[in-house]
Amino acid sequence: MDHDVELWVQATPEGDEIALSLEGWTARAPAGPRLAAILGGGNEADTGGARNEWAADEELRIISLSSDLAELLGVDPDNVAGQALTRIVRLEEDENGEMPLISALAARRGFTDQHARSRADASRSVVLSGEVVTGAEGSFAGFRGSVQSDGAVPAVPVRTAAFDHALDEVLRSPLDRIIESAERIVERADGPLRSDYASYGNDIAAAARHLLSVLTSMSEEPPQAQRSIDLTAVAAEAVVMLDSPAEERNVTIELEDGQPLSASGEERAVIQILVNLIGNAIRHSPEGGKIRLIFSRTPGTASVAVGDEGPGIAAADQQRIFERFERAHPKEGGTGLGLAISRRLARSMGGDVTLDSAPGEGARFTLTLPAA
């Protein structure tokens, strides 16, 4: 056909059937190739017998995977359509700490040299490249690309000492000054001040400390010495930092059993973990929902569980979401770093972050630390 057709389709239920009517039938010049037309429904015969080809839509859901590529990755080509690409392969960072595919997705451009490993068999390593596919009216519709086997590629280092030094030079010192100034406001060191202004100073100091702890967790410096902390008091501080987003969504945060609970940990790191977990719970809670923080002790451990009333997380995703740049739901915001950072920090203190969830039953993330 030498032209495209633009029209409206109206569907009207009529008993057990649906009546379709077409309106506004207009011929126009052909647009760029559409994704389905290029892929031919994933049939290799339609793509000239090309090998190791893949295609995904604008949300990186797989549309087609050639049979030879599926064999290379150790997956069934009939069962991957519609799944997130990152459920099939684990993307790896390059020497600059970037993922070419993720950068290309954000910029809506092609990419090369994206190293990845099969989730079915971590020994199978590949290198992806892809070009942009456009839909009607030139809109971004996804990627179509090829893959090369690279079975012996080692893990790529993700960070350098120069990066840490740059953080120290550019960000840490200003944050220290912000914290110092905010604390002077709280203490009214420069003279009398309205109580609400002093309260703002406390919020600023708390937020700056949290940001500083995020920067610390991104570096490779060893964790600070652990000491005995009150896990209940630290959790209460994290809740205060999240009062505003919780209020915006009319979400209530309850701390059950306010008795002191001693744990061994680094206070800033624990605050960051809890801000991440509670922040996730707020984002996934329904309007007017409730979040519960439950504290418990076992011989040798102290823990706090953060439970929400959100949509829950499928069993197949419960390990994947702890990896960097992964999210439980493809359309949700965020960087996909929070849970990865939280688990790494917890394990550096001899603890862990675990998940108990099921679709439709909310999620319960538990931070466990050694008892003090």
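The values are calculated or read from the model by the stated rules, or taken from the named source; none is laboratory data. Source: prediction; values computed, not measured. Backbone-built Cβ (ideal geometry, glycine too); neighbour counts: all protein chains shown. Accessible surface areas use protein heavy atoms only, side chains included; no ligands, DNA or RNA. Shrake-Rupley method; radii C 1.70, N 1.55, O 1.52, S 1.80 Å.
The criterion of being in contact (Cβ under 8 Å) with a residue 40 or more places away in the chain and either buried (at least 20 other Cβ atoms within 10 Å of the Cβ) or within 21 Å of the chain's Cα centre (by Cα) (or both) does not hold for residue 138. Out of the residues in segment 32-73 that are among the charged types (D, E, K, R) and open to solvent by less than 70 Å² (accessible area, probe 1.4 Å), state the one that is modelled with the lowest pLDDT. This residue is 44. Selection over segment 288-315 of residues that are within 19 Å of residue 352 (Cα to Cα), among the small types (Gly, Ala, Ser) and surrounded by fewer than 16 Cβ atoms within 10 Å (Cβ to Cβ) gives a count of 3.
Of the residues in segment 274-288, how many are within 22 Å of the chain's Cα centre (by Cα) and either of a type in the set (S, T, N, Q) or outside any helix (DSSP H, G or I) (or both)? Outline the logic, then answer.
So in segment 274-288, the residues within 22 Å of the chain's Cα centre (by Cα) come out as 274-287.
From what's left, either of a type in the set (S, T, N, Q) or outside any helix (DSSP H, G or I) (or both): 276, 280, 285-287.
Final tally of qualifying residues: 5.
Do we find a residue being more than 22 Å from residue 319 (Cα to Cα), not in a strand (DSSP E or B) and not hydrophobic (A, V, I, L, M, F, W, C) anywhere in segment 114-132? Within segment 114-132 (the criterion being more than 22 Å from residue 319 (Cα to Cα), not in a strand (DSSP E or B) and not hydrophobic (A, V, I, L, M, F, W, C)), the answer is no, since none of the residues qualifies. For first residues located in segment 296-319 and closer than 20 Å to residue 361 by Cβ and part of a loop (DSSP other than H, G, I, E, B), partners that are of a type in the set (D, E, K, R) and open to solvent by 50 Å² or more (accessible area, probe 1.4 Å) and lie 6+ apart or on another chain with Cβ distances below 7 Å form the pairs 309/290; 312/361.
So which of 108, 117 is at negative phi, among the basic types (Lys, Arg) and in contact (Cβ under 8 Å) with a residue 12 or more places away in the chain? Before you say what the answer is, go through the steps one by one.
Values: 108 fails: at negative phi.
Checking each option against the conditions leaves just 117.
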